[in-house]
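One structure is given below, encoded as structure tokens.
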């Protein structure tokens, strides 16, 4: 699988966030391409292009070790470390890097990329820096999960002759609505929400909604439609239960519904939900 533009953009944004959170002068990384392995495609703060396009084999160098072990690894002085192999010393030295960490991006137990952070001095990288790098990798992981689920959802929506396909679409729609607000890249978030907005049964005529629901009202209704309680909806959407109740009441009022079920039916009838 070749890395797509949206996933690459998320790696780029994660590197910028990592440098901002830690003060690291350099961050870089890339995605694993099927049949090609890890390729460094994004640089932030680099003074040279020595790392650009570097192909990193699993087990080789620091990033290859992170790839092979599927866990974060770090060295205080890259060129003299006895804990890694040294196939990429020339490129690393050309950029002047000494202390380096590498964190894998793991999706469903498969490494999909690696993020690096580095100093040009030989000094230990503390827990704060490592935690920030892990958080950046988790952001990318979540984005890749959402993109994978969105593709699967769209495929299921178009699958003919499968009686259970549309119910799976509805379940996936609810999960993706809950994940969308957590995507850091605003363009990717809008792209996902736009795709979700187009999910209606093939051949179904959908009238123009008579009411306009706020995005969070749709999120709450989507969770309710999947059978989630208010407490479960609050946890899924990172909201307070009282806030969920407020959004639900507001949506019901706009839809002219008296019960949760009526609200879901009305939302589906008007094309707010699939």
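One table, with the values for the structure above:
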| quantity | calculated |
| --- | --- |
| Qualifying helices (runs of 4 or more DSSP H) (wholly inside segment 57-160; at least 3 residues being buried (at least 21 other Cβ atoms within 10 Å of the Cβ)) | 61-69, 127-158 |
| Test: residue in segment 254-262 that is under 16 Å from residue 174 (Cα atoms), touching a helix residue (DSSP H, G or I) at 6+ places or on another chain (Cβ under 6 Å) and outside any loop (DSSP other than H, G, I, E, B) | yes |
| Check on residue 38, touching a residue at least 60 places away in the same chain (Cβ under 8 Å), part of a loop (DSSP other than H, G, I, E, B), in contact with a strand residue (DSSP E or B) (Cβ under 9 Å, 6 or more places away or on another chain) and assigned by TED's automatic domain parsing to the domain that holds residue 135 | no |
| Odd one out for residue 205, checked against (1) surrounded by fewer than 20 Cβ atoms within 10 Å (Cβ to Cβ); (2) farther than 17 Å from residue 171 by Cα; (3) modelled with pLDDT under 90; (4) within 30 Å of the chain's Cα centre (by Cα) | (4) |
| Selection count, segment 90-116, where residues are closer than 21 Å to residue 13 by Cα and out of contact with any strand residue (DSSP E or B) (no Cβ under 8 Å at 6 or more places or on another chain) | 1 |
| Residue count for segment 22-38, restricted to those that are surrounded by fewer than 21 Cβ atoms within 10 Å (Cβ to Cβ), on the phi < 0 side of the Ramachandran plot and at pLDDT 95 or above | 1 |
| Count - residues of segment 111-123 that are without any contact (Cβ under 8 Å) to a residue 24 or more places away in the chain and within 16 Å of residue 65 (Cα to Cα) | 0 |
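The values are calculated or read from the model by the stated rules, or taken from the named source; none is laboratory data. Values in this document were obtained by computation on a predicted structure and should not be read as measured data. Every residue, glycine among them, receives a Cβ derived from its backbone with ideal geometry; neighbour counts consider all protein chains shown.
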